[in-house]
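As structure tokens, the structure follows; a few thoughts come after it.
The values are calculated or read from the model by the stated rules, or taken from the named source; none is laboratory data. Note that the structure is a prediction, hence the values are computed from the model and not measured. Positions of Cβ are backbone-derived with ideal geometry, glycine not excepted, and every protein chain shown enters the neighbour counts.
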Amino acid sequence: MRKIKLFFCGRLFPFALLSALLLIAGIFLCVRLPRLLAPAAAAERIFALTAAVVLFCDPSPAEYKLSKLFLVLLLPWTGAIACFCFLFRENKFRGGMTGIKRRKREFGGTMSESSPDKISPLSGLQECRAGRVEYFPVGRAMYERFLGDLKRAKESIWLEFYIVAEGSFLGDVMEILTERAEAGVDVRLLFDGFGSALTLSPSFPAEAERRGIKVCIFRPLKFPTRAAGRRDHRKIAVIDGKIGYTGGINLADEYIGEVIRFGHWKDMALRVTGGAASALSALFARSWNAEERDRPVRAAEGTGGKIPCAVISDDTAETSLRAGQQTFLRLFGLARKRLYVTTPYLAPDLPLCKALGCAALAGVDVRVMIPHIPDKKFPFLLTRSYAAELQASGVGVREYTDGFLHGKTVVSDDISFVSSYNLDFRSLYLQAECGVAVKQRALADRIADDFLSAWESGTPLPVRGKAAEFFCRLLRLAAPLL
């Protein structure tokens, strides 16, 4: 009932109402105005053709354009209108060296050489050093450490999350943030307007501001909206510019086991200090300053460390050379002994599918773990479809049976990558994401042990019937839009 109330009181309701009105108008025209059907059909063809031409000229990746074209063909009027209003209005992909140079200026990093000795041998990524790195295999372990760091904050607390949900977790955090704000600490909270649309009341931002907490909503839902599909999917917490958290955990009760949804909710996070924390603060500052020009913030000065790492990130208005996708390709290609991947949503592009298959053919122990219990039905069907394809190419696949697997990790020999990236099109090409890659044998072994423990209790991928396989093949046409 609470989500229903938030739906009708929030900004998603106007979108649903407009869609219903368009449907009713279409039915009315078909039933009551038959004389207009012929010219309407001609106008629809012209409109759909125009949409297809604009789509063809769009520099977006081919998979995304194919899904848009399928939408236009399936729903000529409403599909084309949706593309023009929401999809074609997005910030265009800026490709080539221009985008790379822009990343270099913003991050202040150096251009890396393609060498296996580098942690991030990719153009435009920021290499740094971490003082300490701590891995949390479940949300509850991170929760206790996280609250302790918040209580000890002296200068600043910066939080950036895709989902912020009212409940026990947020209540505990808000209590600490209020106390720290009263003590003069700079407290800022940034969350996504779509991800938190059904989890926060409309009065939450004003209430938080009254407590001294600066609040920013990333792209609040408006109509007509620009770049509706490009969201801030990051999970970042930076305390005093010295301690940073990232991974897949949002500020919601299911992530720490306070609310049981789909069984045991398994998610992972990373706590870093030193240069990695400073780099995460730079990501937060960039997101905050883009939305809140009247209350800007400066990133923390870089500090050193001994552990080689790299902060990987992508923005919503990004170049065609996406850092996350290139990082996955590089990690898959570097593996010589083991390559372990966890992801809740599996719908990778063709290069990533080939990279996983080639690693398996080369004799690498390649394993991918996905959920067994779905949180969203259609993405779950797609995940199983791509998993079956990978399994046919020699990749080991199992499903996490204890509950819902939401973690996003990669272990490639001695390099580990904990992030907010799902292995699907939205994370790889559309959304703002981030993660930390670390080159340390001890950390890689710990994440690998956690993976293998879940693997032993997992279940093999079920055999699908021909009808289900055919349906999943059709569903792949819409994969980049889900």
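Listed here are the residues, each with its yes/no results for (1) modelled with pLDDT of 95 or more; (2) more than 24 Å from residue 373 (Cβ to Cβ).
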| position | (1), (2) |
| --- | --- |
| 209 | yes, yes |
| 220 | no, yes |
| 225 | no, yes |
| 247 | yes, no |
| 250 | yes, no |
| 260 | no, no |
| 267 | yes, no |
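Return yes or no: is residue 155 of a type in the set (D, E, K, R), touching a residue at least 24 places away in the same chain (Cβ under 8 Å) and under 19 Å from residue 217 (Cα atoms)? So that I can check it myself, show each step before the final result.
On the way: of a type in the set (D, E, K, R): yes; touching a residue at least 24 places away in the same chain (Cβ under 8 Å): yes; under 19 Å from residue 217 (Cα atoms): no.
Against the criterion (of a type in the set (D, E, K, R), touching a residue at least 24 places away in the same chain (Cβ under 8 Å) and under 19 Å from residue 217 (Cα atoms)), residue 155 does not qualify.
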Check the range 230-240 and report whether any residue there is of a type in the set (D, E, K, R) and more than 22 Å from residue 156 (Cα to Cα).
yes
Count of residues meeting criterion [surrounded by fewer than 23 Cβ atoms within 10 Å (Cβ to Cβ) and in contact (Cβ under 8 Å) with a residue 60 or more places away in the chain] in the range 160-181:
6
Looking at the range 260-290, which of the residues that are aromatic (Phe, Trp, Tyr) and under 24 Å from residue 215 (Cβ atoms) is nearest to the chain's Cα centre (by Cα)?
284
Exactly one of 407, 435, 394 is part of a strand (DSSP E or B) and among the small types (Gly, Ala, Ser), and that one is 435
Starting from residues that are in a helix (DSSP H, G or I) and hydrophobic (A, V, I, L, M, F, W, C), keep the ones in the range 449-464 and report whichever is surrounded by the most Cβ atoms within 10 Å (Cβ to Cβ).
451
When the range 419-443 is checked residue by residue, the ones that are closer than 15 Å to residue 345 by Cα and modelled with pLDDT of 95 or more are 419, 420, 421, 422, 423, 433
Among residues belonging to the range 159-211 that are assigned to a strand (DSSP E or B) and of a type in the set (Asp, Glu), point out the one that is nearest to residue 233 (Cα to Cα).
192
How many residues does the range 332-343 contain that are of a type in the set (A, V, I, L, M, F, W, C) and more than 19 Å from residue 387 (Cα to Cα)?
2
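Restrict the check to the range 418-436 and report whether at least one residue is assigned by TED's automatic domain parsing to the domain that holds residue 333 and surrounded by fewer than 17 Cβ atoms within 10 Å (Cβ to Cβ).
No, the range 418-436 contains no residue that is assigned by TED's automatic domain parsing to the domain that holds residue 333 and surrounded by fewer than 17 Cβ atoms within 10 Å (Cβ to Cβ).
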List the pairs whose first member sits in the range 239-253 and is surrounded by fewer than 24 Cβ atoms within 10 Å (Cβ to Cβ), whose second member is part of a loop (DSSP other than H, G, I, E, B) and of a type in the set (Lys, Arg), and whose Cβ atoms are under 8 Å apart, counting only residues at least 6 apart or on separate chains?
240/154
Do we find a residue being of a type outside the set (Gly, Ala, Ser), under 23 Å from residue 354 (Cα atoms) and touching a residue at least 40 places away in the same chain (Cβ under 8 Å) anywhere in the range 443-454?
yes
